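I have placed the structure first, in the form of structure tokens, so that the comments after it can refer back to it.
The values are calculated or read from the model by the stated rules, or taken from the named source; none is laboratory data. Worth saying up front: this structure is predicted, and the values here are computed from it rather than measured. Cβ sites come from the backbone with ideal geometry, for glycine too, and all protein chains shown count toward neighbours.
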Amino acid sequence: MSKTNGIVVSSWNRQLHRWVAIAFTATVIANFIVRAKGAPPLWVTYSPLPPLAVLLLTGLYLFVMPYTAKWRSRRVTRP
């Protein structure tokens, strides 16, 4: 992967992570609102889980990125 492709993927991943975080927050707030009115259906209870799974994957990628960049730069500079 070239450096420009890596930057594009990184930027796209950050933007996705931000928007999914907004969706996750909205589903959690909606979950609390529905629970205040009574027992919610199961789909409402489990609705925050898909965005949470996406947040986990994109967050792990964002967490590992600096370490892989350091590893790659050390690997390139060594003879």
Task: Search result, residues across region 29-75 that are in a loop (DSSP other than H, G, I, E, B) and either among the hydrophobic types (A, V, I, L, M, F, W, C) or in contact with a helix residue (DSSP H, G or I) (Cβ under 9 Å, 6 or more places away or on another chain) (or both) - done: ALA39, PRO40, PRO41, SER47, PRO48
TODO: Determine, yes or no, whether THR58 is loosely packed, with under 15 Cβ neighbours inside 10 Å and either among the polar types (S, T, N, Q) or in contact with a Gly (Cβ under 6 Å, 6 or more places away or on another chain) (or both).
DONE: no
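Do the conditions hold for VAL44, that is, is it at pLDDT 95 or above and surrounded by 10 or more Cβ atoms within 10 Å (Cβ to Cβ)? Please lay out each step first, then the result.
Values: at pLDDT 95 or above: no; surrounded by 10 or more Cβ atoms within 10 Å (Cβ to Cβ): yes.
Criteria not met by VAL44.
Looking at this structure, is ALA26 loosely packed, with under 15 Cβ neighbours inside 10 Å and either outside any helix (DSSP H, G or I) or in contact with a Phe, Trp or Tyr (Cβ under 8 Å, 6 or more places away or on another chain) (or both)?
Details: loosely packed, with under 15 Cβ neighbours inside 10 Å: yes; either outside any helix (DSSP H, G or I) or in contact with a Phe, Trp or Tyr (Cβ under 8 Å, 6 or more places away or on another chain) (or both): no.
Judged against the criteria, ALA26 is not a match.
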